[in-house]
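Asks: So that we are looking at the same thing, I have put the structure below in structure tokens.
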Amino acid sequence: MAPPSWSNDPHDEPSNSPHSVANFEQAHHVDSHVGKTVGGGMLLDPLTLPPSAAPVSNAAAAVVPKNNWAALPASQESQRTRNPIRAVVDPIMADYRKNSSNTEATPTVPSKPFISLAVRANQNGLCSFIPSSSSSHFLFSTTSFLIIQLGDPTSSGNFEPCPIVQQVCTTSPSLSTDTAGYVNALGTDEARQVIAKYHSSWKNPLVGIPSRSIDVDHVLVASGCSGVLDLVLKALLDPGTCLLVPNPGFPLYQVIAESIGARVLPYNLLPEMDWEMDLQHIQKLIDENIGKVRAILVNNPSNPTGSVFRLPHLEDLVRLCNNNCLPIVADEIYGDLTFDETRPFVPLANVALSSSLSSSVLTESITTTASVPVIACSGIGKQFLVPGWRVGWAVFYDNHVQSLKPVEHGAKQLAQIVLGASHVAQAMATRVLSAALPMHDNDGSSPSSLQAEMIMWQRDLRDKLRSNAEVVQQSLSKAPGLVVHKALGAMYSMVTFDPSEFDFLSSSPLDTATAGEKLSTLLLQEESVFVLPGSCFGIPNAFRLVFCAPAMTLQQALDRLVAFSQRHHVGGK
């Protein structure tokens, strides 16, 4: 079967078109004069909407009992919304709380300070708590709680936001007045302009591909990168359609898709290839779901693997997507947060623009003039270490037949519901990005003192991340049975293992927990160290850890992991 072709056939007028909106307003207009004829002859009282059904007779109304309240059904969308991480973690923490509160039944509850490579910490890398058996929350005390799990780089106090953040927060007296009003649902003009410049100015002397000039009209600002992904995926997907997502991958994509009634099709990442995408598997999934796959989501740099894709690999992906007329949603929230000079970050939109694609590893080269549309999703949170600001954005890079035009219009329509990110946060983000522009485009000009400080800050950030990643790699190399995959970006390491090499597996058919969940549970009980099981991200025999904690805290957690693996590895006793 020949691959489908990009199409620029005119679409049917959407229900939210200007004509439809006008008709809706005419049909639902409420006039201020009682009894006046409006909306095609309908009589309305003030503040009354047209009835949705014929009125019930007095006799029928009398039969209905009054004050007989019942539980109101939740919407289908809300019932379809399920957080996979909570589904895995809550039972583990409930079991830990139960064991911790029952010291008679469990006399071996560890007295070691709790280290979590998963949740928030204070500036010492510690978070004190007592597990409570009567509550789903933690009560805090003097017992230390160390953090190595949550993907918030600021939570441990080991990483400070960039210098311009402090200056913006302390020297912006006009923010209180300039940002008091509502904002354009698509983002402030200033924020969209600087985001367009920021993406247009991307340059890397190590990568010989062109940058792309961005029109501000194709920039959409929302509440964090997750808010942007929600708008984009809801504009792309319908019930019964499919989205290709990485496996292992961040579960948010699945949560959004399934809440819509769509399905996710996980494509494999290959650990033996630095977690590169299995392009043959992607093609197989497309072939098995012809007409249903709306897009592929690519996360680079990756959460949870810490991988950064090579340029030739991205070129092969673009070629595959072009051959299958498959648009790309690029989650690039970790963007420049890479720390291996041999593996720089390359925006997928720039790869799609490049005409000098290397030969494909899949098939013979296919020459075409069509380009692949890319929706790049990013934000200020992770690259500048201000995730609490909640400012994210999407940039729509269309192809020559404007394949993305209806989707972009749909995302902008959906944005009208919540009016984007906070006006204050957008104003501050605009100033941070403006100061970072000369640093970002590598134009050779001499930086200002503030820009020089930002360059030093970014260098220090990358050095710390690189050092911590190396500590993880070196320390866990002493842990029998654990395979640590080198992180090249973001702030995560994925650790895999063969369950048959450990003694904690149950033979009971009633035990449905994955090997990763069992390891996480037992590690928590015995060593007071918490890691996220790989099942949170789609793979059973693995766990993810975050290496943002201070060096001493991180090393302490890793030492306990080594001791745990030595104790339970079948060849380590």
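The values are calculated or read from the model by the stated rules, or taken from the named source; none is laboratory data. Nothing here was measured: the structure is a model prediction, and the numbers come from that model. In this analysis, Cβ positions are derived from the backbone assuming ideal geometry, glycine residues included, and neighbour counts consider all displayed protein chains. In case anyone asks, the SASA skips ligands and DNA or RNA and just uses the protein heavy atoms, side chains included. Shrake-Rupley method; radii C 1.70, N 1.55, O 1.52, S 1.80 Å.
Asks: Can you run down the residue pairs with Cβ atoms below 8 Å, 6 or more apart or on separate chains, where the first is in the range 73-88 and within 10 Å of residue 259 (Cα to Cα) and the partner is modelled with pLDDT of 80 or more and open to solvent by 60 Å² or more (accessible area, probe 1.4 Å)?
Replies: The qualifying pairs are 80/258; 81/258; 82/258.
Asks: Moving on to the next point. Which residues, taken from the range 297-348, are without any contact (Cβ under 8 Å) to a residue 40 or more places away in the chain, surrounded by fewer than 23 Cβ atoms within 10 Å (Cβ to Cβ) and out of contact with any strand residue (DSSP E or B) (no Cβ under 6 Å at 6 or more places or on another chain)?
Replies: Hits for the range 297-348 are 310, 342.
Asks: Right, another one. Say whether the condition of being charged (D, E, K, R) and at pLDDT 90 or above is met by at least one residue in the range 514-522.
Replies: Yes; the residues of the range 514-522 include at least one that is charged (D, E, K, R) and at pLDDT 90 or above.
Asks: Would you mind finding the one in 471, 483, 418 that is of a type in the set (A, V, I, L, M, F, W, C), open to solvent by 20 Å² or more (accessible area, probe 1.4 Å), modelled with pLDDT of 80 or more and touching a Ser or Thr at 6+ places or on another chain (Cβ under 6 Å)?
Replies: Of the residues listed, the single one that is of a type in the set (A, V, I, L, M, F, W, C), open to solvent by 20 Å² or more (accessible area, probe 1.4 Å), modelled with pLDDT of 80 or more and touching a Ser or Thr at 6+ places or on another chain (Cβ under 6 Å) is 483.
Asks: Just to be sure I understand, how many residues within the range 259-272 are in contact (Cβ under 8 Å) with a residue 60 or more places away in the chain and either among the polar types (S, T, N, Q) or open to solvent by less than 20 Å² (accessible area, probe 1.4 Å) (or both)?
Replies: Residues meeting the conditions: 1.
Asks: Residue by residue through the range 234-258, note down the ones that are surrounded by 20 or more Cβ atoms within 10 Å (Cβ to Cβ) and either part of a loop (DSSP other than H, G, I, E, B) or of a type in the set (S, T, N, Q) (or both).
Replies: 237, 248, 249, 250, 251, 254
Asks: Here's something else I'd like to know. Going through the range 527-556 one residue at a time, which ones are of a type in the set (S, T, N, Q) and either touching a Pro at 6+ places or on another chain (Cβ under 6 Å) or free of Cβ contacts under 8 Å to residues at least 24 places away in the same chain (or both)?
Replies: Answer for the range 527-556, where residues must be of a type in the set (S, T, N, Q) and either touching a Pro at 6+ places or on another chain (Cβ under 6 Å) or free of Cβ contacts under 8 Å to residues at least 24 places away in the same chain (or both): 528, 541.
Asks: Of all residues in the range 438-462 being open to solvent by less than 40 Å² (accessible area, probe 1.4 Å) and at pLDDT below 60, which is farthest from residue 202 (Cα to Cα)?
Replies: Result: 439.
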